[in-house]
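For reference, the structure is listed below as structure tokens.
The values are calculated or read from the model by the stated rules, or taken from the named source; none is laboratory data. If you're wondering where the values come from, they're calculated on a predicted model, not measured in any experiment. As a convention, Cβ positions derive from the backbone with ideal geometry for all residues, glycine included, and neighbour counts pool all protein chains shown.
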Amino acid sequence: MSSFAGRFSGRNAIITGGASGLGLAVARRVRAEGGRVALWDLNANALAAAATDVDATHTVAVDVADAAQVAVATLSSVAALGHVDILICSAGITGATAPVQDFPLDSWYRTIAINLHGVFHCCRAVVPHMLTRGYGRIVNIASVAGKEGNPNASAYSASKAGVIGFTKSLGKELATKGVIANSLTPATFDSPILDQLPPSQVDYMRSRIPMGRLGMVEESAAMVCFMASQECSFTTAATFDTSGGRTTF
């Protein structure tokens with residue numbers, strides 16, 4: 001468990017994809033380190049269990065691909081929390097595993113809608129509340145696939161490359177406003193999202209990691225919590241990496 005007791009004392013976080021995987025792991029650490037959390041997720045049943053797990057202040061069942069739902073969720077969570085200091089955009093799906101010529105159109109559009117449009121919707125809705133207070137930390141979860149591309153995962157790779165570019169733009173816009181925005185590019189780590197992939201795809205991604213293993217969700221959560229903390233004060237519009245040596249830039 002965290003050794004940074006009190007790091008998030010007085011801080012409030014909205015975490016999308018907060019019912020499982022990295023989002024839930026980050027929520028656990030934020031709570032353990034003194035912060036309060038509002039969890040957003042599309043899976044209402046998992047959300048209820050996660051809320052009990054971390055003693056969440058607020059939960060919203062929301063589809064981040066829907067801008068109107070995100071706007072309502074933002075107002076609701078800000079009212080429940082009192083203010084918002086941290087936004088972690090962790091909601092995402094893998095999409096289909098198929099070559100481009102066979103890639104299902106509905107899977108392409110849905111993957112881009114959740115992974116990229118969802119990040120835009122959440123940042124667009126939450127940033128004004130941070131600007132009012134002159135403080136904020138935004139962490140958008142991208143992927144090593146956004147830097148290198150994974151074969152047969154064109155929608156996922158494109159969406160995560162978009163998250164990196166979007167975050168670089170956002171961080172520069174906010175650089176003098178007290179609001180820091182960075183992205184994280186994890187390599188594959190053990191998470192429920194892997195259930196969406198065939199074993200051959202997981203094996204391929206593992207084979208690309210020089211450390212020879214998948215990551216652990218706690219390793220990426222530790223990095224996210226630094227990025228979301230007050231200590232991360234002179235790095236913005238940047239991309240942090242937890243890839244076991246896979247990426248070189």
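Matching residues to (1) under 27 Å from A19 (Cβ atoms); (2) modelled with pLDDT under 95; (3) among the hydroxyl-bearing types (S, T, Y):
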site: T132; (1), (2), (3): no, no, yes
site: G136; (1), (2), (3): yes, no, no
site: V139; (1), (2), (3): yes, no, no
site: G165; (1), (2), (3): no, no, no
site: A181; (1), (2), (3): yes, no, no
site: Q201; (1), (2), (3): yes, yes, no
site: M211; (1), (2), (3): no, yes, no
site: A221; (1), (2), (3): yes, no, no
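Could you list all residues from segment 106-116 that are of a type outside the set (F, W, Y) and more than 9 Å from G162 (Cβ to Cβ)? Can you show your working first?
In the first step, residues of segment 106-116 are kept if they are of a type outside the set (F, W, Y); the result is 106-107, 110-116.
Within segment 106-116, D106, S107, R110, T111, A113, I114 qualify.
Criterion first (surrounded by 21 or more Cβ atoms within 10 Å (Cβ to Cβ), out of contact with any Leu (no Cβ under 8 Å at 6 or more places or on another chain) and not small (G, A, S)) does V119 satisfy it? Explain how you work it out, then say what you get.
Values: surrounded by 21 or more Cβ atoms within 10 Å (Cβ to Cβ): yes; out of contact with any Leu (no Cβ under 8 Å at 6 or more places or on another chain): yes; not small (G, A, S): yes.
Here the answer is yes, as V119 does meet what is asked.
Just one of the numbered conditions (1) over 18 Å from the mean Cα position of the chain (by Cα); (2) closer than 22 Å to P186 by Cβ is not true of S143; which one?
S143 satisfies every listed condition except (1).
Could you please let me know if F120 is hydrophobic (A, V, I, L, M, F, W, C), farther than 23 Å from V72 by Cα and at pLDDT 95 or above? If you could, list the steps in order and put the result at the bottom.
Details: hydrophobic (A, V, I, L, M, F, W, C): yes; farther than 23 Å from V72 by Cα: no; at pLDDT 95 or above: yes.
Judged against the criteria, F120 is not a match.
Restricting to helices (runs of 4 or more DSSP H) lying wholly in segment 142-224: which have 2 or more residues that are without any contact (Cβ under 8 Å) to a residue 60 or more places away in the chain and surrounded by fewer than 18 Cβ atoms within 10 Å (Cβ to Cβ)? Don't jump to the end; show me each part of the working.
Values: elements: 145-148, 154-173, 199-207.
Answer list for segment 142-224: 154-173, 199-207.
Taking segment 12-27 only, how many residues are surrounded by fewer than 24 Cβ atoms within 10 Å (Cβ to Cβ) and within 14 Å of H58 (Cα to Cα)?
Looking only at that region, the number is 1.
On the basis of being among the aromatic types (F, W, Y), touching a helix residue (DSSP H, G or I) at 6+ places or on another chain (Cβ under 8 Å) and at pLDDT 95 or above, does F4 make the cut?
On the way: among the aromatic types (F, W, Y): yes; touching a helix residue (DSSP H, G or I) at 6+ places or on another chain (Cβ under 8 Å): yes; at pLDDT 95 or above: no.
So F4 fails the test.
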